[in-house]
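What follows is calculated from the coordinates using simple rules that are stated; it is not laboratory data. The shown structure was predicted, so the numbers you read here are calculated from the model rather than taken from an experiment. Note: ideal-geometry Cβ built from the backbone for every residue, glycine included; neighbour counts use all protein chains shown.
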Amino acid sequence: MSRIGKKPIPLPTGVKYQVEGNTVLVEGPKGKVSALIAKGIQLETKDGTLHVNREDDKYAAVHGLTRALVFNAVQGVTKGWTRELDIVGIGYRAELKGKGMVVFTLGYSHPIEFPLPTSIEVAVDPKQTHLTVTGIDRQKVGQVAADMRSLRKPDPYKNKGVRYSDEKLKKKAGKTGAK
């Protein structure tokens with residue numbers, strides 16, 4: 001049995017789900033999120049929890065995956081998901097331009113305008129060096145944060161760039177001086 005697939009998903013009050021074909025639509029206080037259900041996997045509710053069951057052992061490979069996707073959707077519509085980014089470097093900063101645009105100044109000859117997809121919000125701290133990406137879809141939040149990080153990846157020699165707040169960098173020593 002899949003250890004993750006066997007775990008029941010607690011359904012908080014106000015969260016409803018509806019299975020349509022190979023997708024499940026989870027609805028909660030923060031909005032709606034859809035997740036894919038693999039073939040051979042069924043969802044059933046027992047006393048306030050959601051159980052993910054598989055028909056046969058040949059669907060064992062996708063049992064845990066499907067449970068994780070449904071769990072992420074339930075968490076998203078109740079609590080939401082966040083990723084935090086830090087911008088390190090002299091003159092490096094980010095600022096919000098309107099509701100759906102973040103403008104980055106990352107040492108290039110021009111500022112970079114980053115359009116935000118729908119259902120994703122970004123908060124910039126007053127110092128303009130810390131970003132918080134929030135949303136209800138975990139995959140979308142992670143992808144937006146990864147795209148922002150890829151604008152100027154952390155440099156291992158100078159420790160400059162855009163990085164996740166919990167990311168640990170190993171600083172490399174540069175070239176040694178000539179003799």
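Helices in the chain, meaning DSSP H runs of at least 4 residues, each add -39500 (n - 2.57). Divided by all residues, the mean residue ellipticity at 222 nm is -6000 deg cm²/dmol.
Students often get this wrong, so try it: which of (i) 17.7, 58; (ii) 20.9, 75; (iii) 15.6, 45 is Rg and Dmax of the Cα atoms in Å as calculated from the structure shown? Identified label for the calculated read-out: (ii).
Using the alpha-carbon atoms, what tilt in degrees (0 to 90, nearest 10) does helix 138-149 show relative to the longest principal axis of the chain? Approximately 10 degrees, to the nearest 10. Using only Cα atoms and rounding to the nearest 10 degrees, what angle (0 to 90) does helix 60-78 make with the longest principal axis of the chain? The angle comes out near 70 degrees.
Cross-link partners for K158 among the lysines, with Cα-Cα distance under 27 Å and sequence neighbours closer than 8 places in the same chain left out: K127, K168, K170, K171, K172, K175, K179.
GNM remark for the chain: springs join alpha carbons under 10 Å apart, and the peak mean-square fluctuation among L169, L11, L85 falls on L169.
Ordered by the number of other Cβ atoms lying within 10 Å of each residue's own Cβ, fewest first, I41, I112 fall into the sequence I112, I41.
In terms of surrounding Cβ atoms within a 10 Å radius of their Cβ, I120, I87 rank from fewest to most as I120, I87. Note on S150, S109: ascending count of other Cβ atoms within 10 Å places them as S109, S150, the fewest first. Put the Cα centre of the range 123-179 next to the Cα centre of the range 37-56 and the gap is 38 Å.
Between G28, G89, G14, the Gaussian network model of the chain with springs among Cα atoms under 10 angstrom shows the greatest mean-square fluctuation at G14.
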